[in-house]
Amino acid sequence: MIYFTKGQLIIRNMEYRDAQPITDAEIEQGWNASIEKYQRRLEDQRTEKAISLVAEFSGKPVGYINIYPNSPWGAFGGKNYPEIVDFGVLEKYRKQGIGTVLMDIAEEIAATYADVVYLGVGLHSGYGSAQRMYVKRGYIPDGSGVWYQDKICKQYGECKNDDDLVLYLSKKLR
């Protein structure tokens, strides 16, 4: 399904053929990437647990985002709220509005399921641009504090500033 097209940019459902080029490009730019992550998202899409989107620019997959309509994870898990999971745009395609279009479409899809959407954002500097984007888009912390390895990190608890340390944010859609 195609959700958006303008010029060289197309936002559509992710397909199996997208997984390897995205993985290769992420590894090339120094990210810790594996094709299994995309295969898992595609399987969740196949079984209707998720909607997985890809941004295609000039015929190449350059970004992605996933919407889980009733996510079982995180601060709002199991409460019939959609979660935006695993959002990214390849570094050389940033600052062109691709991420904004992906988020706009993800929020439109989420709004068909509930009036609130949520997401978890990493806390290390690698997530800096995402942190700023979410605040600008109106996302606010849910108040549960930071989570580590899918659990609330207790006050003075041990954690590591890696990809598993996240802050959950939510946004009212309507």
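The values are calculated or read from the model by the stated rules, or taken from the named source; none is laboratory data. Not measured: the values here are computed from a predicted model. Note: ideal-geometry Cβ built from the backbone for every residue, glycine included; neighbour counts use all protein chains shown.
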Quiz item: Is at least one residue of segment 63-75 modelled with pLDDT under 95, surrounded by 14 or more Cβ atoms within 10 Å (Cβ to Cβ) and hydrophobic (A, V, I, L, M, F, W, C)?
Solution: yes
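So which residues in segment 128-139 are closer than 15 Å to Val85 by Cβ and not in a helix (DSSP H, G or I), if there are any at all?
First, the residues of segment 128-139 that are closer than 15 Å to Val85 by Cβ: 130, 134, 139.
Tyr139 - this is the single residue of segment 128-139 that is closer than 15 Å to Val85 by Cβ and not in a helix (DSSP H, G or I).
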Quiz prompt | When residues of segment 31-61 are limited to those that are assigned to a loop (DSSP other than H, G, I, E, B) and touching a Phe, Trp or Tyr at 6+ places or on another chain (Cβ under 8 Å), the one surrounded by the most Cβ atoms within 10 Å (Cβ to Cβ) | solution = Ala50
Quiz prompt | Close pairs from segment 29-41: first without any contact (Cβ under 8 Å) to a residue 40 or more places away in the chain and under 16 Å from Ala55 (Cβ atoms), partner aromatic (Phe, Trp, Tyr) and outside any loop (DSSP other than H, G, I, E, B), Cβ under 9 Å, at least 6 apart | solution = Tyr38/Tyr16; Tyr38/Tyr64
Practice problem: Check whether at least one residue in segment 76-85 is more than 20 Å from Thr5 (Cβ to Cβ), assigned to a strand (DSSP E or B), at pLDDT below 95 and among the acidic types (Asp, Glu), and report yes or no. | Solution: no
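Residues checked against (1) at pLDDT below 95; (2) not in a loop (DSSP other than H, G, I, E, B):
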residue	(1), (2)
Leu119	no, yes
Gly126	yes, yes
Asp142	yes, yes
Gly157	yes, no
Asp163	yes, no
Leu167	no, yes
Arg174	yes, no
